[in-house]
Amino acid sequence: MKDISDSPITRNGNSLILAYDHGTEHGPVDFQPMPKSADPKHVFEVAQHSAVTAIALQKGNAEYYRQWQKKYDEDVIEYGDTPLLVKLNGNSNLAKRDDYYSPKQCTVKYAVEELGAEAVGYTMYAGSLHEDEMWKEFREVQEQAREYDVPVVLWSYPRGKGIEENPDYRGQKDPEVVAYGARLGLELGADMVKCKYPGEKEDWQKLEENVGGLKTVMSGGSKRSDKTFLRDVSDTIDAGGNGLAVGRNIFQREDPNELLDSLEKVIFEQASPEDALK
Amino acid sequence: MKDISDSPITRNGNSLILAYDHGTEHGPVDFQPMPKSADPKHVFEVAQHSAVTAIALQKGNAEYYRQWQKKYDEDVIEYGDTPLLVKLNGNSNLAKRDDYYSPKQCTVKYAVEELGAEAVGYTMYAGSLHEDEMWKEFREVQEQAREYDVPVVLWSYPRGKGIEENPDYRGQKDPEVVAYGARLGLELGADMVKCKYPGEKEDWQKLEENVGGLKTVMSGGSKRSDKTFLRDVSDTIDAGGNGLAVGRNIFQREDPNELLDSLEKVIFEQASPEDALK
Amino acid sequence: MKDISDSPITRNGNSLILAYDHGTEHGPVDFQPMPKSADPKHVFEVAQHSAVTAIALQKGNAEYYRQWQKKYDEDVIEYGDTPLLVKLNGNSNLAKRDDYYSPKQCTVKYAVEELGAEAVGYTMYAGSLHEDEMWKEFREVQEQAREYDVPVVLWSYPRGKGIEENPDYRGQKDPEVVAYGARLGLELGADMVKCKYPGEKEDWQKLEENVGGLKTVMSGGSKRSDKTFLRDVSDTIDAGGNGLAVGRNIFQREDPNELLDSLEKVIFEQASPEDALK
Amino acid sequence: MKDISDSPITRNGNSLILAYDHGTEHGPVDFQPMPKSADPKHVFEVAQHSAVTAIALQKGNAEYYRQWQKKYDEDVIEYGDTPLLVKLNGNSNLAKRDDYYSPKQCTVKYAVEELGAEAVGYTMYAGSLHEDEMWKEFREVQEQAREYDVPVVLWSYPRGKGIEENPDYRGQKDPEVVAYGARLGLELGADMVKCKYPGEKEDWQKLEENVGGLKTVMSGGSKRSDKTFLRDVSDTIDAGGNGLAVGRNIFQREDPNELLDSLEKVIFEQASPEDALK
Amino acid sequence: MKDISDSPITRNGNSLILAYDHGTEHGPVDFQPMPKSADPKHVFEVAQHSAVTAIALQKGNAEYYRQWQKKYDEDVIEYGDTPLLVKLNGNSNLAKRDDYYSPKQCTVKYAVEELGAEAVGYTMYAGSLHEDEMWKEFREVQEQAREYDVPVVLWSYPRGKGIEENPDYRGQKDPEVVAYGARLGLELGADMVKCKYPGEKEDWQKLEENVGGLKTVMSGGSKRSDKTFLRDVSDTIDAGGNGLAVGRNIFQREDPNELLDSLEKVIFEQASPEDALK
């Protein structure tokens, strides 16, 4: 079992993951604000920014990414070498479900042996009626990831009837709920856990106290001003977090490079948001 | 992983798939308008037209096709060499279901090792209560197809309660829904996706923008005049599509050769529908 | 994949299958009209009539049959060599079910390797709420039967809520339904399909037009006069069918030999029912 | 496949099985009438009576029995060599179920390879909503038992909604129901079937006519006078049965040896109950 | 099969298990009374007290424990060598369930081969609607533990609808229910069973009469005065029990060493609670 700090998906112990699984999760609607983002090649290029330590893709786009990398190389433009994190499960929002669930659509074996994944990811909806089923699937994923010695990132998003119908919880962003989700990352054997930003820096500090040093990244979440966004990222880092996983906030921009420059400073160079924006 | 453009089921990058799974899906009723179409041998012969790049069959007819090919050859009439696409799942409409589902009735292993399939196909009903189950089955199918290096075609037909009960969607032919279905072909790792024609050329263009260059074929759909039908096919090609999968529109005709001649011109030679009909 | 015409369960391309699975399906009540029929050894002896090309048994009786054959041989009476068809699934009518289903109680491996089965059989209730589950089981059965190169007979009995609640169908004996069931035998890769006799010769002819030359046998059904019964069998043969699977109509008789003589003439020598009864 | 008559669990073709699975099925309450029966070692000793041809235990007690045997031997008292029948499934009555079911808690492999079981047993509740699931489990058990060449005893207890809600049946002890259960032992490939005593000798005779020579043992049932009990056992033997499986009627006695002496005479020496009691 | 008395998790036949799975079962809320307990390293250190014969951890913390042990050693403070018991299943209380269930999140193979577990543990909720499913999972766990020759501890906690809705039982702490749960430990093949303390010494004596010498430990339960707590532990030992599994009662203290000293005397040196407190 390799230390995740030795994995190419971290740099100086931190990570910036560019997630591009929106075609699965939400469909074409997510690309409408920036139509060129519908083309995976465009996002592959964005992911080559030096700030990005991993691109997170579903199986089909992961296959495409590997082909694109070969082609990119042949064209002698520049080698696109951002590490690949294969997201192993996902779901569409076409379906109607009794509660949240995300079926596995790629095995660890395929991700590593055929796609050469440098990391794998799995979404868990603790709190859902399907929580137990997802624990069992994650058990298999985690143990196979250990076999192949690739780090496993848990998208830990507690939600569903167990949260909604429990008066003790104030929904998905309740700091208690977010921290419990993060702790599950530790308990279940993940190498990194991705959590919703609960809203305040002290909430993330609380969360950090409960994960025994496990790597944590905040989820990009809804669109905000660059300043607010960088502030949240900076607060996460300050509170002991290890970075960011982000999608729409990047690929829905005409030119995401500027924001990526700033994020790089905040995440890897401990710059303040103000300095990073300069 | 072979490029599908090198597969015998495409020619110049495009495909015309003759689908003959109606005995499974609808039963004898589909053959009544042209009784000789109930006899697989008749359809096998139709499939030898040079326009056809693959015949799509369920397991039992696939076994029969291979026997027929041997016999055909022995009789020294002419070798029937149209490639075989084995459709791996299917369902009858005898059953009552809570929502759309199509059980797997042939493994990739059997299709390739025993039947020598040049490609495999799988129907997915995203939007159904059984969507998640079908994703898991498709995962297995896709990864096994990669092992055997045969292309996998996804019949991507979003339908079911998730579509019907969602006021944001206007049913199965809603261009949004069709495009989402096509995108899933890319995300889940298919080599070609078969979609319902949503009605207008610009809808197919929209769809193409969301599939990252994945091969697409339109589904033959209900019966129309030859001119309208060829126009739709031509529009699909113009919009960036790669051809057609068709069944009843061909085998319910007394003599399908004329239409196949026209389709060949439209699909492989970029003829206009008017020129193709001449 | 061997041609079923080369299998010992057919003679001149036709078959007479003596089915003795009633102890499973209905229990002791089926033996009451002829108590000696409760003793498997009695029925094993009946099955040695030269008309019978296969005896269809559930696993336990199949084990018993093999022991009996050895003993029979040792006693130097005469070697009982009627081929064994192991029925792989079955159900009791003690259970209460939401819809028709028949669980597998013998693997193909056990049937062939341990019991030396010359053929295997599987009952499918298309139209039931459990149709999809049965398709999946049959897929496995069919592919394993191919591995062992033994023919697989599909008891194709469409029934259940999908038939009963569909106003387009007039029940299990609706010729449309019976023909669809037969077609599924072809589509799913059976070597022979066993169907309910729908009532009229032209119905069977219709059925034959839809099975692409697949072997078909009629199911013995309820008790009738010998003349009517032989007429139905003869009509089946005339219409292109390949014989009969029969149980109670034989073993509930004091002396079934006379009727077996007549059936032999009708099925294997194309005698008219009148000539056969002489 | 060995003849069960050559198995150590029969003597002269008959059996007396001492069942001690009550700690699983009913819990400590069954030991209260005779507290020392809560101690497995006490019952192990009882089982060494020469009348007992097998002791039936759940997995944990089977492990304990093997340890006890070794110890017993070392203590040079006398070698406890009564054969071990491992009961493979069982259930507690702590649970609430929609209908009868008994989960498997020991594999055949473990029973034979690790525990050296001389036979295995499985309880089937035909008539339950879970009948089909149990048939599938039994299929696996039976085929594995054949692989290891150990006899398999079917506890065939038809019960559940299919019996209770069917006006044709008069409950679990309806001779029709009991006989159907016994017949299933034959059909499904058991080597011995254990049935409830339906109440009258002629009922057991009826049952015997339906099992084709399969070994049968009556279930001990509720407590009766010794005379009545021996009469029932004797009637079972007279009617063609092969013995008895008994639990509480033995281990709830202060000194079960006298009754065991009598049972030995009735079961293995064809003594009348009157002579056996002397 | 090794005798558990030869296992490092017992000393002189008794055990004190420090359980630290609360981050899984209850989340961060359990650490709030003593915030440093949220840090696994703190609890790992507590577990090095000589009284502790095993630390029980979920998979992720077990991985962390092994890393910590290595580091601890390198730092030459002192080798932390308390044996590791990997708890194989667990559940969060974020989820909403129809009845109690605890999904498996670690295989025996992973626990032993990768984590070097000296023992494994499994929670069973007999009485739940999911009891049967848990029996099947435990069967697999138990047999795999035998393969690896590590002892298996059953957390036997009868609860759920079968208990609540049965008027014969007075809830989870009904001595009848607790004793039945303990007996299941014997029947199902555990090496040690962990039970709720039913309240009185004579209840535990009753329990001991039903387990055939199986090792038993009482569950720490809710917080009490040290004197009452030690009295309960002492009574358990006197009644034939083998120790204690405890979590919050230890790690929620500022300094747990004093209580651990006392427990050591009571459990391993048969001290009275009064003497132990001195």
(Q) Being among the charged types (D, E, K, R) and more than 16 Å from E:Asp191 (Cβ to Cβ) is the requirement here; does E:Lys41 meet it? (A) yes
Q | Output for the stretch E:167-177, where each listed residue is surrounded by fewer than 24 Cβ atoms within 10 Å (Cβ to Cβ) and facing chain D (nearest Cβ under 10 Å) | A | E:Asp168, E:Tyr169, E:Pro175, E:Glu176
Q: Filter the stretch B:222-267 down to residues that are part of a helix (DSSP H, G or I), touching a residue at least 60 places away in the same chain (Cβ under 8 Å) and in contact with a Phe, Trp or Tyr (Cβ under 8 Å, 6 or more places away or on another chain), then give me how many there are.
A: 1
(Q) Being touching a residue at least 12 places away in the same chain (Cβ under 8 Å), at positive phi and within 14 Å of another protein chain (Cβ to nearest Cβ) is the filter here; which residues of the stretch C:207-221 pass it? (A) C:Gly212
Q: Sort out which residues of the stretch A:1-25 are of a type in the set (Gly, Ala, Ser), touching a helix residue (DSSP H, G or I) at 6+ places or on another chain (Cβ under 7 Å) and within 14 Å of chain B (Cβ to nearest Cβ), and write them in order of number.
A: A:Gly23
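This table checks each residue for (1) surrounded by 14 or more Cβ atoms within 10 Å (Cβ to Cβ); (2) more than 16 Å from D:Ala245 (Cβ to Cβ).
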{"site": "D:Ser7", "(1), (2)": "yes, no"}
{"site": "D:Arg11", "(1), (2)": "yes, no"}
{"site": "D:Ala19", "(1), (2)": "yes, no"}
{"site": "D:Thr24", "(1), (2)": "yes, no"}
{"site": "D:Pro28", "(1), (2)": "yes, yes"}
{"site": "D:Pro35", "(1), (2)": "no, yes"}
Q) In this structure, does D:Glu164 turn out to be at pLDDT 95 or above and open to solvent by 10 Å² or more (accessible area, probe 1.4 Å)? A) yes
Q: Could you tell me whether B:Arg139 is touching a Cys at 6+ places or on another chain (Cβ under 8 Å) and either within 7 Å of another protein chain (Cβ to nearest Cβ) or in contact (Cβ under 8 Å) with a residue 60 or more places away in the chain (or both)?
A: yes
Q: Hey, can you tell me all the residues within the stretch B:178-206 that are more than 8 Å from chain A (Cβ to nearest Cβ) and without any contact (Cβ under 8 Å) to a residue 12 or more places away in the chain?
A: none
**Q.** B:Val43 being more than 11 Å from chain C (Cβ to nearest Cβ) and modelled with pLDDT of 95 or more
**A.** no
(Q) Restricting to the stretch A:211-220, give me the number of residues that are over 13 Å from the mean Cα position of the chain (by Cα) and open to solvent by less than 10 Å² (accessible area, probe 1.4 Å). (A) 1
Q: Would you tally the residues in the stretch D:85-108 being closer than 18 Å to E:Glu143 by Cβ, more than 7 Å from chain E (Cβ to nearest Cβ) and either surrounded by fewer than 24 Cβ atoms within 10 Å (Cβ to Cβ) or at pLDDT below 95 (or both)?
A: 0
Q.
Being assigned to a helix (DSSP H, G or I), open to solvent by less than 10 Å² (accessible area, probe 1.4 Å) and touching a Cys at 6+ places or on another chain (Cβ under 9 Å) is the requirement here; does D:Ala111 meet it?
A. no
Q: Tell me which residues, restricted to the stretch E:142-166, are more than 20 Å from the chain's Cα centre (by Cα), closer than 13 Å to D:Ser92 by Cβ and within 7 Å of another protein chain (Cβ to nearest Cβ).
A: E:Gly162, E:Ile163
Q: Give, as residue ranges, the helices (runs of 4 or more DSSP H) completely inside the stretch A:1-103 that count at least 3 residues that are more than 15 Å from the chain's Cα centre (by Cα).
A: A:40-46, A:59-74
Q: Could you figure out which of (1) farther than 22 Å from A:Gln58 by Cβ; (2) in contact with a helix residue (DSSP H, G or I) (Cβ under 6 Å, 6 or more places away or on another chain); (3) of a type in the set (Asp, Glu) isn't true of B:Glu143?
A: (1)
(Q) I'm checking my understanding of the structure. Among residues of the stretch E:222-233 that are open to solvent by 10 Å² or more (accessible area, probe 1.4 Å) and at pLDDT 95 or above, which one is nearest to the chain's Cα centre (by Cα)? (A) E:Asp232
Q: Could you please tell me which pairs satisfy a Cβ distance under 8 Å, a separation of 6+ or placement on different chains, a first residue in the stretch B:49-63 that is within 13 Å of chain C (Cβ to nearest Cβ), and a second residue that is basic (Lys, Arg)?
A: B:Ala56/B:Lys87; B:Leu57/B:Lys87; B:Gln58/B:Lys87; B:Lys59/C:Arg139
**Q.** Test result for E:Leu184, within 17 Å of the chain's Cα centre (by Cα) and buried (at least 23 other Cβ atoms within 10 Å of the Cβ)
**A.** yes
Q: Keeping to the stretch E:37-56, report how many residues are open to solvent by 60 Å² or more (accessible area, probe 1.4 Å) and touching a Phe, Trp or Tyr at 6+ places or on another chain (Cβ under 7 Å).
A: 1
Q: Answer yes or no as to whether D:Glu202 is closer than 21 Å to D:Val246 by Cα, open to solvent by 10 Å² or more (accessible area, probe 1.4 Å) and in a helix (DSSP H, G or I).
A: no
Q. Do we have any residue at all in the stretch D:212-221 that's at pLDDT 95 or above, in a helix (DSSP H, G or I) and closer than 23 Å to D:Gly247 by Cα?
A. no
**Q.** Some residue of the stretch B:122-131 being without any contact (Cβ under 8 Å) to a residue 40 or more places away in the chain, in contact with a Leu (Cβ under 6 Å, 6 or more places away or on another chain) and within 13 Å of chain C (Cβ to nearest Cβ)
**A.** no
Q: Just name the residue that is farthest from A:Glu133 (Cα to Cα) out of those in the stretch E:116-139 that are surrounded by fewer than 21 Cβ atoms within 10 Å (Cβ to Cβ) and in contact with a helix residue (DSSP H, G or I) (Cβ under 8 Å, 6 or more places away or on another chain).
A: E:Gly116
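The values are calculated or read from the model by the stated rules, or taken from the named source; none is laboratory data. This one's a predicted model, so the numbers in the text were calculated from it and none came from an experiment. Note that each Cβ is placed from the backbone with ideal geometry, even for glycine, and that neighbours are counted across all protein chains shown. Each accessible area value is taken on the protein alone, full model and side chains, heavy atoms only, with ligands, DNA and RNA left out. Shrake-Rupley method; radii C 1.70, N 1.55, O 1.52, S 1.80 Å.
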